[in-house]
Amino acid sequence: MKKFMLLIVVLSLGCLSWAGSARQDAVDRLNNAATVLHEIMQAPDNGVPEEVLENAKCVAVVPHMMKGGFILGAEHGKGVATCRTAKGWSAPAFITVSGGSVGFQIGVEGVDLVMIIQHENGMQKLISSDFKLGADASVAAGPVGRHASAGTSWKLDAEVLTYSRTKGAFAGIALDGASVRQDDDSTRAIYGKKMTPRRALTGQIAVPRAAQSFLDAVRNAKAQAIAKAD
């Protein structure tokens, strides 16, 4: 009986340790995503154009997507996403990105991925929690700079615009073939239960305190873009 009770205690401590670690990982990801957006928008003559942010239905950020590699694949990168609602930007959904390639990157230590979901269909795909870029939702390299060129088709054609930042260089990329799914572990760690992305991204739940820095960065991104454009 004593051995059984000891086993129960050990398992319980292990579960508590895992829960604490998973929550800290999720909180760190939210904070890192906020930092990525802020730094990108602070760069002179760089960043996501004002027009793109104006039309954004959702914003997703995958900070530090991969460490090392020859041909960069989004191998189990973890990120966060938020969508516009009638009351402002939604509580975050936690996502994973896997597969796809963004070209040759030798000796890369960290890659930041930003996805701007432009159209309602793209938003619905993100809410569904399991879709593939280029197959289920059209994707294109996003324009970069103070303003998006009116002569390009970015606004009409692509449901998702994608960007990467590598060693300080920020540019639009075509991330065809990458799968986007819900990160159940991080969702449970922050919200205390399993939950669909739909509940978070459609504004059905309150924004957790840990997500404030990320949502502030999303809200401030447009203001930063306007300031650079003036």
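Does Arg219 satisfy being surrounded by fewer than 15 Cβ atoms within 10 Å (Cβ to Cβ) and within 24 Å of Gln24 (Cα to Cα)?
Yes: the conditions hold for Arg219.
Return the residue satisfying two criteria in turn: it lies in the range 127-146 and is farther than 19 Å from Thr96 by Cα and part of a loop (DSSP other than H, G, I, E, B), and of such residues it is nearest to the chain's Cα centre (by Cα).
Gly142
Among the residues of the range 95-128 satisfying the criterion of being under 13 Å from Ala178 (Cα atoms) and among the hydroxyl-bearing types (Ser, Thr, Tyr), which is modelled with the lowest pLDDT?
In this case the residue turns out to be Ser101.
Give me the helices (runs of 4 or more DSSP H) completely within the range 183-230, filtered to those with at least 3 residues that are free of Cβ contacts under 8 Å to residues at least 12 places away in the same chain, ordered by residue number.
Counting at least 3 such residues, we get 212-229.
How many of the residues in the range 160-170 are closer than 16 Å to Val59 by Cα and surrounded by fewer than 23 Cβ atoms within 10 Å (Cβ to Cβ)?
The total comes to 1.
Among the residues of the range 172-230, write down those that are modelled with pLDDT under 85 and small (Gly, Ala, Ser).
Residues satisfying the conditions are Gly172, Ala174, Gly177, Ala178, Ala223, Ala225, Ala227, Ala229.
Looking at this structure, is Gly145 at pLDDT below 75, surrounded by fewer than 22 Cβ atoms within 10 Å (Cβ to Cβ) and either within 25 Å of Asn46 (Cα to Cα) or among the aliphatic types (A, V, I, L, M) (or both)?
no
The values are calculated or read from the model by the stated rules, or taken from the named source; none is laboratory data. The structure displayed is predicted, hence computed values, not measured ones. So basically every Cβ, Gly included, is an ideal-geometry build from the backbone, and we count neighbours across all protein chains shown.
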